[in-house]
1. If each residue of separation counts as 0.36 nm, what is the full-extension length gain between residue 125 and residue 93 once their alpha-carbon separation is subtracted?
2. At what distance in nm do the modelled label points of residue 31 and residue 112 sit from each other, each positioned 7 Å from its Cα along Cα→Cβ?
3. So if R0 is 30 Å, what FRET efficiency would residue 15 and residue 55 give, r being the distance between their Cβ atoms, rounded to the nearest 0.05?
4. Subtracting the Cα-Cα distance from 0.36 nm times the residue separation, let me have the gained length for residue 64 to residue 24 in nm, one decimal.
Amino acid sequence: MDHDPFMSAGFPTIKELGCPGHFIGADRCLWRRHTLVGDHIISSIGNYMSPTSNKFQTVGGGVNDFFETMVFPAGDFRDSNGCGCREPVDVGNPLKVRRYKTEGEAQRGHEQCIEEIMEAYFRKLGGEMGFSDS
């Protein structure tokens with residue numbers, strides 16, 4: 001197909017990336033998901049195996065924070081090498097942070113972040129096209 005009507009209408013692309021998007025210890029996380037949605041990065045990690053105790057350790061401050069999702073602006077990130085893998089992300093300024101106890105919660109939370117970003121694009125696009133919720 002030569003012409004993608006969704007892209008030309010302003011819909012963002014969604015691209016799953018094969019590398020972690022944040023957390024310096026992500027190489028010790030047994031669960032990772034990293035998605036580029038338009039100009040946002042959603043990075044989720046979890047099941048962090050402590051290098052000193054060989055036990056799962058929390059990634060947040062809470063006793064049940066075994067998984068974490070962060071949302072960042074993509075900035076120049078999305079233009080690097082076609083996939084963004086192994087590129088730094090400014091983790092000092094996430095737009096959103098969510099933490100979870102289980103892998104299932106983290107997976108649902110990651111999906112929810114994707115949906116929220118897509119909804120924001122649709123609202124913006126609808127406003128530009130003269131649509132409203134009423």
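1. Numbers: separation 32, 0.36 × 32 = 11.52 nm, distance 2.59 nm.
Full extension of this stretch gives 8.9 nm more.
2. That separation, rounded to one decimal, is 1.4 nm.
3. On the way: r = 34 Å, r/R0 = 1.13.
Calculated value: 0.35.
4. On the way: separation 40, 0.36 × 40 = 14.40 nm, distance 1.99 nm.
Answer, rounded to one decimal: 12.4 nm.
None of the figures in this text is laboratory data; all of them are computed from the coordinates on show. Because the structure is a prediction, the values reported are computed rather than measured. Backbone-built Cβ (ideal geometry, glycine too); neighbour counts: all protein chains shown.
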